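The values are calculated or read from the model by the stated rules, or taken from the named source; none is laboratory data. The structure displayed is predicted, hence computed values, not measured ones. All Cβ positions, even for glycine, are placed from backbone atoms using ideal geometry, and neighbour counts span all protein chains on display. Accessible surface is based on the protein model in full, side chains and every heavy atom, while ligands, DNA and RNA are left aside. Shrake-Rupley method; radii C 1.70, N 1.55, O 1.52, S 1.80 Å.
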Amino acid sequence: MEKLFGGIEAGGTKFLCAVGTGPDDIRAEIRLPTESPELTLGKVTDFFRCQQESYDIAAIGVASFGPVDPDPSSSAYGHITNTPKPGWANTPVAPTLQDAFDIPVGFDTDVNVAALGEHTWGAAREVDTFVYLTIGTGIGGGGMVNGELMHGLIHPEMGHIAIPHDWERDPFPGVCPFHGDCWEGLANGPAIEARWGQPGELLPPDHEAWPLEAHYLALGVTTIMMVMSPQLIVMGGGVMQQKHIFPLIHQEVKTLLNNYIQSPTVTDGLAQYIVPPALGGRSGVLGAIALAQRALQAS
Ligand code: ADP
Ligand code: ZN
C-alpha cells in the first residue's frame, strides 16, 4: 500500500483530522467538536483506525492549541499543559496517539504547524524567517527562523505582549485572565465581542470596531517586525476573515514604522508583506500532514 500521512489540528472548539499527502491529495477528512479529552481523542483514534483499513498511514502530525510542551526530551512532551480550557490541562495528546498507533508522531503548536503548512504549500514558500499569526479565540504566533520552527524556553507567546493602551480612546479593560489588556486581551475575538456587545462576524464593515482593531493589530505586528525582522507575516484566524482590515493594518504599520525599516518590501507598501494564509482555514491541518512527513523522515 502507498504511504499516506495523518494530520490533526487540535483546536479549542474543533478538531480537524485528515489523511493524505498534501493540499491536492486529501483522501479523508473529519471535523469533530472539542469535548472532553477522553471523548475527543477517542473519536480521533477511531477515525484513524477506520482509515487504516484502506490506507497505510506512515506517521501522524499534530497541531495543538496550547500552551503545550514541545520539547522531545521533556517528560511532558506532547502534552497540552496549563490551559484554562476546562478538562484539558495536562492532556497527553501525542503520547495517546503514539500508544494507539505505534508510528512516528510529530507534535507542535497550532501556529507553528500552520506556519509549516504555509511554508510547504502556501504563502511562505519563498521565505525561511517569517511569522504566522492567528487572531481568533486567542492571539497566537509561531513561524520559522532560518528555516527552523520556533521553539525556545517553551514556545513563543506572541499574543501576550504588552501594547500601548489609550484608556481615553478605549476604556475597555481587556479580557486576558493573566494580563487584562495585553495584545490578546485587547484584540482577540472575545475582546471585540465584549467591547461592542456583538461578535465580530456580526459587526458591519463600517463599524468603529474595525479601525480600533486594525490599530491594535498594527501595534503588535510592528513590535514583532522590530524584534525578529520576519521576511513575511501571515495573518489568519476568524477575525482576519474581515479582509477589509488588511489595508487598514498596512497603512497603520507604515505610519508606525515611519520609514525606519529600509527594505523595498516595506517601502513598496505592505500588501505583499502582511498577507492572509494561502491555504485559508486549512493551514493547520495541512501543516500537520507536513509535520507527519518530517516525523517519518526523522524516525
Ligand atoms: P479558534 O480560535 O477556535 O481556532 P477562530 O479562529 O474561528 O477559532 O476564532 C473564533 C473567534 O473569531 C471568535 O471570537 C469569533 O467571534 C471570531 N470570528 C469568527 N469569524 C469571524 C468573522 N468572520 N469576522 C470577525 N470575527 C470572527
Ligand atoms: Zn495576556
### Summary
Only one of (1) within 21 Å of Gln297 (Cα to Cα); (2) surrounded by 17 or more Cβ atoms within 10 Å (Cβ to Cβ); (3) charged (D, E, K, R) does not apply to Asp71, and that is (2)
#### Entry: Where a residue in region 237-260 is under 19 Å from Gly136 (Cα atoms) and its partner, wherever it lies, is hydroxyl-bearing (Ser, Thr, Tyr) and open to solvent by less than 90 Å² (accessible area, probe 1.4 Å), with Cβ under 7 Å and at least six apart
Gly237/Thr134
### Message
As an exercise: evaluate Val175 against (1) within 16 Å of ligand 1 (Cβ to nearest atom); (2) buried (at least 17 other Cβ atoms within 10 Å of the Cβ); (3) in contact (Cβ under 8 Å) with a residue 24 or more places away in the chain; (4) over 28 Å from Gly117 (Cα atoms) and give the number of the one condition it does not meet.
### Response
(3)
### Task
Test Glu35 against the criterion of being in a loop (DSSP other than H, G, I, E, B), touching a Lys or Arg at 6+ places or on another chain (Cβ under 9 Å), within 16 Å of ligand 1 (Cβ to nearest atom) and more than 17 Å from Asp102 (Cα to Cα), and give yes or no.
yes
### Query
Of all residues in region 38-53, how many are outside any helix (DSSP H, G or I) and either surrounded by 13 or more Cβ atoms within 10 Å (Cβ to Cβ) or under 24 Å from the mean Cα position of the chain (by Cα) (or both)?
0
### Message
If Glu168 satisfies all but one of (1) more than 19 Å from Val239 (Cα to Cα); (2) in a loop (DSSP other than H, G, I, E, B); (3) in contact with a Leu (Cβ under 8 Å, 6 or more places away or on another chain); (4) more than 14 Å from ligand 2 (Cβ to nearest atom), what's the number of the condition it fails?
### Response
(3)
### Summary
Note on region 1-20: residues open to solvent by 40 Å² or more (accessible area, probe 1.4 Å) and under 21 Å from Asp102 (Cβ atoms) are Met1, Glu2, Lys3
### Query
Just to be sure, is Gly200 within 30 Å of Tyr77 (Cα to Cα), small (Gly, Ala, Ser) and under 21 Å from the mean Cα position of the chain (by Cα)?
no
### Message
Which condition from (1) within 13 Å of ligand 1 (Cβ to nearest atom); (2) open to solvent by less than 60 Å² (accessible area, probe 1.4 Å); (3) out of contact with any helix residue (DSSP H, G or I) (no Cβ under 8 Å at 6 or more places or on another chain); (4) among the hydrophobic types (A, V, I, L, M, F, W, C) is the one that Met228 breaks?
### Response
(1)
#### Entry: All positions within region 119-138 that are under 30 Å from Ala194 (Cβ atoms) and touching a strand residue (DSSP E or B) at 6+ places or on another chain (Cβ under 7 Å)
Val131, Tyr132, Leu133, Thr134, Ile135
